[in-house]
Amino acid sequence: MDGLGLYYWSEGDMYMGEYAQDKRHGSGIYTSVKGAVYKGEYISGERQGWGEYTNAKGDVYEGQWKRNVRHGKGVVTLAEADSDMAHVLEDGGADQRKWAQVWFKDSPARPQDTDGAELEIDPTRTFSGVWQKGKVKTRRPYRFEDWNNIQAHSSMAADNASVSVEESQRAVNMARKSAGFAEETAKATVIRLCVYTVYTVDDEPFALDP
């Protein structure tokens with residue numbers, strides 16, 4: 001498979017996006033039946049490059065990937081506060097709260113209430129770090145520059161993945177319409193072949209069944 005496509009696994013997972021040589025390659029979105037979602041870049045079937053990942057608990061990772069695991073710079077926003085972060089934040093996180101509207105304006109980690117209104121970021125939930133082969137090696141409080149250095153890249157990768165999904169959906173719909181037209185055409189052809197042909201011999205009609 002090359003180009004855009006949709007694939008379902010037997011357990012319920014789904015991928016929609018770009019393919020090359022039968023492998024996920026380019027931009028796409030992978031959705032797990034358990035609730036996890038990855039939006040971002042793939043190379044030769046593996047998560048590689050920039051991407052956004054939300055697990056079933058609601059924790060969000062925005063950053064770099066290599067060979068299917070977190071590798072490089074990233075930002076994590078936890079679904080629940082991390083007590084360890086409270087001890088390292090200067091001024092109780094006041095500066096982090098001040099800039100939260102800028103940092104998370106396009107982030108999937110931006111918290112909302114049940115009516116969709118944006119809530120204040122809790123700085124004890126968010127940290128930046130460096131990962132190697134899936135494991136965090138260093139972590140620190142989130143800084144203003146992390147948006148441009150990390151999240152902007154992940155956000156763009158996620159946006160590209162969403163565009164690929166929209167194009168894949170259109171391609172799938174067109175394929176289904178084509179398949180439906182082909183099926184109707186085949187049925188009509190069979191019906192025509194099954195109609196009796198009437199001949200006459202010495203002005204007496206009779207029918208031959210094809």
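Every number in this text was worked out from the coordinates using simple rules, so none of it is lab data. Owing to the predicted nature of the structure, the values given are computational and were not obtained by experimental measurement. Every residue, glycine among them, receives a Cβ derived from its backbone with ideal geometry; neighbour counts consider all protein chains shown.
Some points to look at:
- Packing-based order for 62-73, 12-23, 127-138, using average beta carbon neighbours within 10 Å, highest first: 62-73, 12-23, 127-138
- Residue 36 versus residue 144: modelled label distance in nm, points set 7 Å from Cα along the beta carbon direction: 3.6 nm
- Label positions at residue 69 and residue 178, each projected 7 Å from the Cα along the C-beta direction, are separated by 4.1 nm.
- In this structure the amide hydrogen of residue 24, modeled in the peptide plane, comes within under 5 Å of the amide hydrogens of 45, none closer than 5 places in sequence on its chain.
- Scattering profile of segment 1-92 at q = 0.15, 0.21 Å⁻¹ [log10 I(q)/I(0), Debye over alpha-carbon scatterers]: -0.63, -1.02
- Violating pairs (Cα-Cα greater than 29 angstrom) within the set 34/177; 57/135; 34/73: 34/177
- Per-residue Karplus couplings for segment 35-41, computed as 6.51 cos²θ - 1.76 cosθ + 1.60 with θ equal to phi - 60°, are listed in order as x, 7, 9, 10, 10, x, 9 Hz, Gly and Pro entered as x.
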